[in-house]
Amino acid sequence: MGCCISKSTDSRANRIQRWRSTGIVALRDSKLKTFPTEVLDLDKSVRTLDLSHNKIVDIPLEVSKLINMQRLVLAHNLIKYLPMNLGKLQSLKFLTLDGNWITTLPDELGLLVRLESLSISGNLLTCLPETIGSLRNLVLLNVSDNKLKSLPESIGSCFSLEELQANGNLIEDLPPSICNLTHLKSLCLNNNNVRQIPSNLLKDCKALQNISLHDNPISMDQFQQIEGFQEFEARRKKKFDKQIDSNVMIGSKGLDEGLDL
C-alpha cells in the first residue's frame, strides 16, 4: 500500500512553497496567538510579512533571520515589547505596529537605516528613543494616540521626513530641531497640549503645506504672528487650489485646507 498524505499536510506544503516563491507571507486575521514558526524557516525568502489582526503577544528573537524582509505589518495584536535584535532587519523599509500594547521602543530601532515608514499609532508609548534620529530615510512617522509628552530632539536628524502624525498625545512643546526638517510637508498635532511652536518653523520648513493643531491651547493669533506665516499661507493656498483644479472628492468635513487650529 502506498503512503497517504493528508490534505492538511499537502496544503501546508503548498502554502510554504507559495510563500517561498513569492516572498509574501500574508496571515492577516488568522486567529494566531503565537508567531508562526514555519515563517522563520523561510529565512532570506521573505520580503513581506503581514500578521495583522491576530492575538500575537511575543515576537521571537529569531525574527532577525528574515534579513531580506522589507515590509513587516504587525498591527492590531497584543504585542507589548519588540525584540532587542530588531536592528538586524537591515532591509526593512516599512514597519507597522498600530493598535498594540507597546510601551517602549528599543534603541536598536535606530539601526533600521533603510526604514521609510514607521507607524505605531494606538499604543502606550511615553517617549521615543533618541536613536530615531538615525533614520535618515524615514518619510512617514505616525505616533498618534499614544502618551507622548514630547518628541526627541534627535527627530531633527530625520532629514527625509515629509509627514509627521502625532495626534492624540500629551505633547506640550516641539523641539527646536524640528525646524531642520526641510522636506516636511504635513505636521499633525491635533488633541495635544501645544501652546506654541518653534519660532523658525514656518521660515525654515519651506516645504510645509499642512499644519493641524485642532484642540490645542495655541491660538490663531499666535500662529499668524510667526515669521514665515505669509509664505506658508501661500503654499497652503497653492495646494488647496491644485486640489480644486483636480476635482478632488470632498468628504463630509470638506476639503482639507492645510491649517486647522
On Cα atoms only, tilt of 7-22 relative to the major axis of the chain in degrees: 50 degrees
In degrees, nearest ten, helix 229-245 long axis to first principal axis of the chain (Cα): 60 degrees
Overall form of the range 116-184 per C-alpha gyration tensor (a/c, 1.5; a/b vs b/c): prolate
Computed E for Leu170/Ala234 - FRET, C-beta separation, R0 30 angstrom, nearest 0.05: 0.35
Over the chain: helical MRE at 222 nm, DSSP H runs n ≥ 4 each giving -39500 (n - 2.57), nearest 500: -5000 deg cm²/dmol
Semi-axis lengths (Å, descending) of the ellipsoid that matches the C-alpha gyration tensor of the chain: 41, 20, 16
Label-point gap, in nm, between Arg15 and Arg114 - each point 7 angstrom along Cα→Cβ: 2.7 nm
FRET efficiency, Tyr81 to Thr182 (Cβ-Cβ, R0 30 Å, nearest 0.05): 0.30
Segment Asn193-Ile226, length gained on full extension (0.36 nm per residue, minus Cα span): 10.0 nm
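Read-outs: derived from the displayed coordinates by stated rules, not from any lab. Remember, it's a predicted structure, so these values are computed and weren't measured experimentally. Positions of Cβ are generated from backbone atoms using ideal geometry, with glycine treated the same way; all protein chains shown enter the neighbour counts.
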